[in-house]
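> Shown below is the structure under consideration.
The values are calculated or read from the model by the stated rules, or taken from the named source; none is laboratory data. Keep in mind it's a predicted model, so treat the numbers as computed, not measured. Counting neighbours? That spans all protein chains shown, and the Cβs are built from the backbone with ideal geometry, glycine included. Side chains are part of the model used for accessible areas, which takes the heavy atoms of the whole protein and leaves out ligands, DNA and RNA. Shrake-Rupley method; radii C 1.70, N 1.55, O 1.52, S 1.80 Å.
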Amino acid sequence: MIRIILFLLLIALAAAGAAWVVDQPGDLVMNWGGLHLVSKQPVFLLGIIVVIAMFAGVILRGLWKMPGHIRRGRRERRHARGRHAVTQGLLAIGHGDSSAARAHAVVARRHAGGDPLTLLLHAQSAQLDGDHDGAQRAFRAMAEREDTRLLGLRGLFIEAQRADDPVAAVMLAEEALKVSPSSSWASHAVLGFCCAKGDWAGALKILDNNQSSGLIDRATFRRQRGVLLTARAMELETVDRDLSRESAMEAIKLAPTLIPAAALTARFESEAHQVRRAMRIVETAWLAQPHPDLADAYAHVRLGDSARQRLVRVETLAAKTPGNIEGALAIARAAIDASEFARARAALEPFIATPTQRVALLMAEIERTEHGDSGRARAWTLRAVRALHDPVWTADGYVSDRWRPVSPVSGRLDAFQWQTPVAALPSDKGAAIEPSPFEEAMLAARRVEPPKEEVAVEPPAPKPVEPVEAKPAEPAETQPVEPVVPAAQDNAPPPEAVVDAELAPASAVTAPPPESAAPGPAPLFRSRADLPKATPAPIPPVIPIIRAPDDPGIDEDGAVDEFAEQIGPPKAQMGGWKGFLSRWGS
């Protein structure tokens, strides 16, 4: 407005001046060399003076501002070099070239030392080199500036996490939250810290701040608030049951499908004899995600019921999700408690081919409780060790035996999910369960066969034979004893000779006499002496024969019947007068 008024005043003054000059009498004469100009209008003189003054003003103004333009140009060129160095340095950091990033950081500091991007480049190049002290100095310098304060706190927070200093990290996050309440990383860190130390009131306050700042939407806010209220209710269940009950009731309204909230609220409603309300709460959560805690709460929703009544109630709940393994496990558990082992086996039958650990353990309990069969129970227990894993509470690869509101790995709220852990996924190289022969034998179905008469008759064991006089025996009546046929010896006794067992050496094998041997069926296959054996029998020691001068010896040139030959190692020859008599009789 002031500029418009001044502009109008200047126009008015110029018009008044022009009118005054026009009203003045006189002539304008200009002589320049051979040029002679005469004008009756003095306004032309005024125009020429104005033009000359304008040119002179422009020239003087340019000369006056020339040093400033030179300084500005130099400053802009330096700033351009610095920005170029920052750009190249950030690109070098992006593809992991630490030496190039460090060189560009030096150039950027020399040309644009006060630029916030130069400080960021220096800090990130120090982080890339592993220089934590240099990175902390750069981030601390950024935190002292007003325009880069939040960025410096963020960098110091990351360095504190890398140094495993949670106290310093939380202090930096709280300071950043004071500077900028809408900072998502600061609120996330402080929220995780409050949950870790059990400060549920502080966590709820931060959650409300996140919702008012627009960091989370309405649905996420309701779910996370229900998680925090459930955690507070579970912690105060044995300390302040009234506050625990109020927290659980509010949590189930905000998150009806939250399994811990549903199980806890069902227990509170059951204690208050609100059976139908408790059953509706459990059924709503069960339809979203079947869980053993929900089945247990549903089974015990009415205090004082018998085991058979609990079994009927669990079967009703499992019928809402047919084919789900959690329903089958819940039925089997209730059936075992009610001693209904047939129902338990029928419930687990579809999952026995590829059982999980809980299925195998329940089968072991059934075998031990119903039949007292410890062998089959041990077989099922051994199978449970190598069986598929059951779903558990997992978050960011961390497996927990119970539900937790925050992940201990990343600090994320509502991170735990009921699912099979990643490490337990089946392999593509082979079957997940490979039962051993022992397990197959123990788990095989029992078959009761009628008794059968024994047909095969074992050959009688050889008995020691009393020493008798040797009698000639027919070759056809000699029975084979051993399947090994040694090489014949020139001084071996005839096969039909019967020797005394008391005088024979320990390594000799004595055949029973033909009179005492019961006639048996002829063997189907006979060994041939002309075929070599894989492992020849050892040749027993032979006692040398001492013959009388008039003893003609044994006729070794007679015909040999292969069916009459003794099969087995040769018998040692007796000495003394009994040997002489045996040879004389033969």
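> Scanning the stretch 377-403 for residues that are among the charged types (D, E, K, R) and surrounded by fewer than 20 Cβ atoms within 10 Å (Cβ to Cβ), which turns out farthest from residue 354 (Cα to Cα)?
Among those residues, the one meeting the criterion is 396.
> Taking the stretch 252-276, which residues are free of Cβ contacts under 8 Å to residues at least 40 places away in the same chain, crowded, with 16+ Cβ neighbours inside 10 Å and in a helix (DSSP H, G or I)?
252, 254, 261, 262, 263, 264, 265, 266, 267, 268, 269, 270
Residues are listed down the side, and each one gets a yes or a no for (1) modelled with pLDDT under 70; (2) loosely packed, with under 10 Cβ neighbours inside 10 Å:
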{"residue": "2", "(1), (2)": "no, yes"}
{"residue": "17", "(1), (2)": "no, no"}
{"residue": "23", "(1), (2)": "no, yes"}
{"residue": "41", "(1), (2)": "yes, no"}
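> If I ask for residues that are in contact (Cβ under 8 Å) with a residue 40 or more places away in the chain and either open to solvent by less than 20 Å² (accessible area, probe 1.4 Å) or touching a Cys at 6+ places or on another chain (Cβ under 6 Å) (or both), which ones from the stretch 219-251 would you list?
227, 228, 230, 231
> Can you name the condition, by its number, that residue 321 falls short on among (1) within 28 Å of residue 363 (Cβ to Cβ); (2) open to solvent by 30 Å² or more (accessible area, probe 1.4 Å); (3) outside any helix (DSSP H, G or I); (4) not hydrophobic (A, V, I, L, M, F, W, C)?
(2)
> Restricting to the stretch 186-202, name every residue that is surrounded by 15 or more Cβ atoms within 10 Å (Cβ to Cβ) and under 30 Å from the mean Cα position of the chain (by Cα).
If the condition is that a residue be surrounded by 15 or more Cβ atoms within 10 Å (Cβ to Cβ) and under 30 Å from the mean Cα position of the chain (by Cα), then 186, 187, 188, 189, 190, 191, 192, 193, 194, 195, 196 are the ones that fit.
> Which residue out of 352, 336, 325 is farther than 25 Å from residue 287 by Cβ and out of contact with any Asp or Glu (no Cβ under 8 Å at 6 or more places or on another chain)?
352
> On to the next question. Checking residue 391 against (1) under 23 Å from the mean Cα position of the chain (by Cα); (2) modelled with pLDDT under 90, which test does it fail?
Just one mismatch for residue 391, condition (2).
> Now for a separate question. Starting from residues that are more than 15 Å from residue 413 (Cα to Cα) and without any contact (Cβ under 8 Å) to a residue 24 or more places away in the chain, keep the ones in the stretch 208-218 and report whichever is surrounded by the fewest Cβ atoms within 10 Å (Cβ to Cβ).
218
> Given 81, 109, which one is closer than 16 Å to residue 135 by Cβ and out of contact with any Cys (no Cβ under 9 Å at 6 or more places or on another chain)?
Going through 81, 109 in turn, just one is closer than 16 Å to residue 135 by Cβ and out of contact with any Cys (no Cβ under 9 Å at 6 or more places or on another chain): 109.
> Follow-up question, since we're still on this one. Taking the criterion of being surrounded by 19 or more Cβ atoms within 10 Å (Cβ to Cβ), touching a residue at least 60 places away in the same chain (Cβ under 8 Å) and touching a strand residue (DSSP E or B) at 6+ places or on another chain (Cβ under 9 Å), would at least one residue in the stretch 285-299 satisfy it?
Yes, the stretch 285-299 contains a residue that is surrounded by 19 or more Cβ atoms within 10 Å (Cβ to Cβ), touching a residue at least 60 places away in the same chain (Cβ under 8 Å) and touching a strand residue (DSSP E or B) at 6+ places or on another chain (Cβ under 9 Å).
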